[in-house]
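Report on one structure; see the data block that follows.
Every number in this text was worked out from the coordinates using simple rules, so none of it is lab data. Because the structure is a prediction, the values reported are computed rather than measured. Counting neighbours? That spans all protein chains shown, and the Cβs are built from the backbone with ideal geometry, glycine included.
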């Protein structure tokens with residue numbers, strides 16, 4: 001047992017340990033998701049979070065120590081966000097034809113996400129810093145963290161809220177849209193991308209390619225609009 005403790009103490013100091021743990025956790029989560037037939041509640045990201053959270057709790061590892069090793073994955077969020085230009089370019093003819101309804105959906109979806117978050121925060125008596133932290137939660141992580149930092153929020157907590165928002169959308173978007181009778185894959189994907197960014201977009205690609213493409217568009221455009229809206233709404237309210 002003493003030897004195992006020494007081995008763990010040595011490995012835990014290596015940044016590659018937590019990068020490897022993150023990748024293994026996602027592979028396990030994706031495998032479980034495939035076995036379930038890609039059911040919404042078997043979301044690979046959610047499963048990965050549970051696995052990693054349990055591992056950090058069991059080993060007594062601090063988050064900052066974990067992030068030191070796993071930050072390369074965080075770094076890749078930037079290029080992944082820039083790569084959203086690809087589906088926008090490929091679907092530009094459809095975007096041009098649907099410009100007006102997409103603009104209306106984007107404005108309403110983005111504005112409602114920000115106003116509801118701030119309104120609920122005030123209603124429940126949250127302090128100003130926490131409200132600023134939560135306000136950009138529907139934007140993709142790199143953008144949300146940047147907004148939070150600029151307006152005086154907690155960037156670490158913002159990242160956690162972004163993940164929770166994405167997981168909620170990825171899990172509940174498909175059943176909810178089915179219940180509402182929305183069959184157009186473009187509308188389904190765009191709505192999912194606007195409210196639940198990258199995690200929801202990944203789920204949309206699993207459901208249908210067109211939905212995934214329009215989710216990418218919604219995610220990218222909402223990131224841009226949220227970066228404008230959140231500081232403006234915060235300053236007004």
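Annotations
- With a Förster radius of 25 Å applied to the beta-carbon distance between residue 27 and residue 160, the computed FRET efficiency rounds to 0.65.
- When you restrict to C-alpha pairs under 8 Å that are six or more residues apart and normalise by the size of the stretch 87-165, the relative contact order lands at 22 percent.
- Fully extended contour minus Cα-Cα distance, from residue 130 to residue 89, at 0.36 nm per residue: 11.1 nm
- Footprinting exposure proxy ranking of 26, 190, fewest other C-beta atoms within 10 angstrom first, gives 26, 190.
- Rounded to 10°, Cα long-axis angle of helix 44-59 versus longest principal axis of the chain: 30 degrees
- Residue 182-residue 122 FRET efficiency (beta carbon distance; Förster radius 30 Å; 0.05 resolution): 0.45
- Estimated 222 nm signal from helices in the chain, with DSSP H stretches of n ≥ 4 weighted -39500 (n - 2.57), rounded to 500: -27500 deg cm²/dmol
- Cα long-axis angle, helix 15-35 against the chain (0 to 90 degrees, to the nearest 10): 60 degrees
- Using only alpha carbons, the chain has a radius of gyration to Kirkwood radius ratio (Rg to Rh) of 1.01.
- Taking other C-beta atoms within 10 angstrom as a stand-in for reagent exposure, 63, 89 fall in the order 89, 63, fewest first.
- Nearest 10 degrees, 0 to 90: helix 63-75 Cα axis against the chain principal axis: 50 degrees
- Note that the stretch 23-103 carries a Kirkwood radius of 15.7 Å, evaluated over its alpha carbons pair by pair.
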